[in-house]
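A short worksheet on the structure shown next.
The values are calculated or read from the model by the stated rules, or taken from the named source; none is laboratory data. This is a predicted model, so every value here is computed, not measured. Please note: Cβ atoms are built from the backbone with ideal geometry, for glycine as well, and neighbour counts cover all protein chains shown. The protein model used for the area step is the full one, side chains on, heavy atoms only, and it has no ligands, DNA or RNA in it. Shrake-Rupley method; radii C 1.70, N 1.55, O 1.52, S 1.80 Å.
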Amino acid sequence: MDVNNNGKLDDANWVDTVWREGMLELLKNTREILGNEKIIMVNSSSYGANYINGRLYESWPDEWGGGWKGQMKDYQNLEKNIKHIPQVVVLNPNTNNTGINNNYAQVRFGLSSTLQGNGYFAFDWGTQDHSQLWRYDEYEIDLGYPNSQSREIKPGVLRRDFTKGVVLVNSTAQAQEIDLGPGIYQKINGFQDLSLIHI
């Protein structure tokens, strides 16, 4: 790449540095023009936490961002560092532009990962189209309010408690057996994926 148009190949690290500086300047200027009443979101990186309200993690989790563990840590850090309210952070797994919208395990994995923080969840077609309004049984569940903070992100099973429920996410490739502790629990009783429904 020759970003400074001097006819010579530019050093990749230098290109990354000037790109970041330019993006921060763009976000700073945009915030100054729009003021604090407008929402500014970015895509593809979490640069500019001082100027943005949030980020769209498109095709989440992607390997460019360090996979599930890397992007979950970035998600957690971004929520801590954003300076502007409201925060609007969206995790966006998708069908990889196939339109196959009944991969319920993928939907649940994305939603339960999102609920480990305070972000929003969107499952759609993919990078070519974000206009879908697909509904899933899990969307109808009233969890109440979180009564625990998200914990350290690490491979395994993460749990977050809410006033009306519990959200678990298993980031491993193996089935896990979890002791939920005292209380009465009922699995979501939905209609879309009846093979996995039990109480």
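Observations
- For first residues located in segment 139-156 and under 28 Å from Gly66 (Cβ atoms), partners that are in a loop (DSSP other than H, G, I, E, B) and lie 6+ apart or on another chain with Cβ distances below 7 Å form the pairs Leu143/Lys164; Ser150/Gln116; Ser150/Gly117; Pro155/Ser171; Pro155/Thr172; Gly156/Ser171; Gly156/Thr172.
- Applying the criterion of being out of contact with any Phe, Trp or Tyr (no Cβ under 7 Å at 6 or more places or on another chain) and more than 19 Å from Asn170 (Cα to Cα) to the residues of segment 140-149, the residue that is least open to solvent (accessible area, probe 1.4 Å) is Ile141.
- When residues in segment 156-171 are screened for being in a loop (DSSP other than H, G, I, E, B), exposed (fewer than 15 other Cβ atoms within 10 Å of the Cβ) and modelled with pLDDT of 90 or more, 2 of them pass.
- Residue selected from segment 1-57 under the condition assigned to a helix (DSSP H, G or I) and polar (S, T, N, Q), by the criterion nearest to Gly126 (Cα to Cα): Thr30
- Note on segment 71-128: residues that are closer than 22 Å to Ile39 by Cβ and exposed (fewer than 15 other Cβ atoms within 10 Å of the Cβ) total 9.
- Condition check for Ile153: part of a loop (DSSP other than H, G, I, E, B), surrounded by fewer than 17 Cβ atoms within 10 Å (Cβ to Cβ) and β-branched (Val, Ile, Thr): no
- Residues that are of a type outside the set (Lys, Arg) and over 21 Å from Asp74 (Cβ atoms), drawn from segment 23-56: Glu25, Asn29, Thr30, Glu32, Ile33, Leu34, Gly35, Asn36, Glu37
- Taking segment 52-76 as the range and being among the hydrophobic types (A, V, I, L, M, F, W, C) and within 20 Å of Arg108 (Cα to Cα) as the test, the residues that pass are Leu56, Trp60, Trp68, Met72.
- Failed criterion for His84 (all others in (1) within 19 Å of Gln128 (Cα to Cα); (2) assigned to a loop (DSSP other than H, G, I, E, B) hold): (1)
- Number of positions in segment 115-138 that are in a loop (DSSP other than H, G, I, E, B) and either in contact (Cβ under 8 Å) with a residue 12 or more places away in the chain or touching an Asp or Glu at 6+ places or on another chain (Cβ under 7 Å) (or both): 14
- Screening segment 26-40 for residues that are touching a residue at least 24 places away in the same chain (Cβ under 8 Å) and open to solvent by 80 Å² or more (accessible area, probe 1.4 Å) and picking the one that is farthest from Ile153 (Cα to Cα) gives Asn36.
- The combined condition, being of a type in the set (Val, Ile, Thr) and within 26 Å of Ile85 (Cα to Cα), is fulfilled by Ile153.
- Candidates are the residues of segment 100-114 that are small (Gly, Ala, Ser) and touching an Asp or Glu at 6+ places or on another chain (Cβ under 9 Å); the one that is modelled with the lowest pLDDT is Ala105.
- Which numbered condition Ser59 fails, given (1) out of contact with any strand residue (DSSP E or B) (no Cβ under 7 Å at 6 or more places or on another chain); (2) open to solvent by less than 50 Å² (accessible area, probe 1.4 Å): (1)
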